[in-house]
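**Q** Just dropping this structure here.
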Amino acid sequence: MKKIGQPGLAQILRTAIRARQADIRTACPGIVISYDATTQTCSCKLAVRIPDVNGIPQELPPLTDVPVKWQRGGGFFCSMPLASGDAGLIVFSEVDFSAWRVSGEVSDATQERRHGLYAYFLPGGGDDAHHIANASADHMVCGKDGGQLIRIKSDGVELGAAASDFVALAGLVKARLDAIQTKFDAHVHTGVTTGGGSSGTTATLIGALPPVAATKVKAQ
């Protein structure tokens, strides 16, 4: 028989469930404290205080040595210089992945606890006060807010924040220069071979032109 003032079974179960839920970690917005580009890890903190079993908001201690999840695959990658204050998503693994993190091979979890603070940091996102100033609704943009940008549009690609002129193509430039060279070298004045030289011959005035192509950047 339940005594007055004692919690009933339902209340006990609700309390136990809330206590377990309060100990489960899934994902939460986070803020970078510092970033180590050599190890590609960061120190970060949760951007939201989490209520405990009694509903009291608690601020967890900063997380350290958290791997940063950059987009990568097939030997290619995309990374950025994370800075203090940058936002992202802190994702918590269901199980401890520290052994896999060292070896890269399928490994046993070294800790039995589930839903612990086994974190990854996914850069991106942000609060409403820090929207990307140069984001576009109709094309892809890469770069730095207030700095240089690359815009990939349906009808072309623009390099630079204020790109307005077309880039010259090496093949077309070389063809025009070769045409100028041919005309110049073959030009003669009446009774005179341009550039001197033996009688009845035409001297090469310009000579072979050096390559005009970039070695790393291509365009179409």
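**Q** Of all residues in the stretch 76-92, which are free of Cβ contacts under 8 Å to residues at least 60 places away in the same chain and within 15 Å of the chain's Cα centre (by Cα)?
**A** Of the stretch 76-92, the ones free of Cβ contacts under 8 Å to residues at least 60 places away in the same chain are 76-88.
If the condition is that a residue be free of Cβ contacts under 8 Å to residues at least 60 places away in the same chain and within 15 Å of the chain's Cα centre (by Cα), then PHE76, PHE77, CYS78, SER79, MET80, PRO81, LEU82, ALA83, ASP86, ALA87, GLY88 are the ones that fit.
**Q** If you don't mind, another one. Of the numbered conditions (1) in contact (Cβ under 8 Å) with a residue 40 or more places away in the chain; (2) in contact with a Gly (Cβ under 7 Å, 6 or more places away or on another chain), SER34 fails exactly one; give the number of that condition.
**A** Looking at each condition in turn, SER34 falls short on (2).
**Q** On the given criteria, is GLY125 in contact with a strand residue (DSSP E or B) (Cβ under 6 Å, 6 or more places away or on another chain) and in a loop (DSSP other than H, G, I, E, B)?
**A** Criteria met by GLY125.
**Q** Listed residues ALA186, ALA163; which is touching a Ser or Thr at 6+ places or on another chain (Cβ under 7 Å), in contact (Cβ under 8 Å) with a residue 12 or more places away in the chain and not assigned by TED's automatic domain parsing to the domain that holds ALA47?
**A** Going through ALA186, ALA163 in turn, just one is touching a Ser or Thr at 6+ places or on another chain (Cβ under 7 Å), in contact (Cβ under 8 Å) with a residue 12 or more places away in the chain and not assigned by TED's automatic domain parsing to the domain that holds ALA47: ALA186.
**Q** Scan the stretch 51-64 residue by residue and report those that are outside any loop (DSSP other than H, G, I, E, B) and either touching a residue at least 60 places away in the same chain (Cβ under 8 Å) or within 29 Å of the chain's Cα centre (by Cα) (or both).
**A** First, the residues of the stretch 51-64 that are outside any loop (DSSP other than H, G, I, E, B): 51, 57-58, 63-64.
Selection gives LEU63, THR64.
**Q** Ok, one more. Would you confirm whether or not the stretch 102-120 contains a residue that is surrounded by 16 or more Cβ atoms within 10 Å (Cβ to Cβ) and among the aromatic types (Phe, Trp, Tyr)?
**A** From the stretch 102-120, those surrounded by 16 or more Cβ atoms within 10 Å (Cβ to Cβ) are 109, 116, 118-120; that's our starting set.
Imposing the further condition that a residue be among the aromatic types (Phe, Trp, Tyr) reduces the set to 118, 120.
The answer is yes, given that some residue of the stretch 102-120 is surrounded by 16 or more Cβ atoms within 10 Å (Cβ to Cβ) and among the aromatic types (Phe, Trp, Tyr).
The values are calculated or read from the model by the stated rules, or taken from the named source; none is laboratory data. Computed from a predicted structure; not experimentally measured. Using ideal geometry, Cβ is built from the backbone for each residue, glycine included, and neighbour counts are taken over all protein chains shown.
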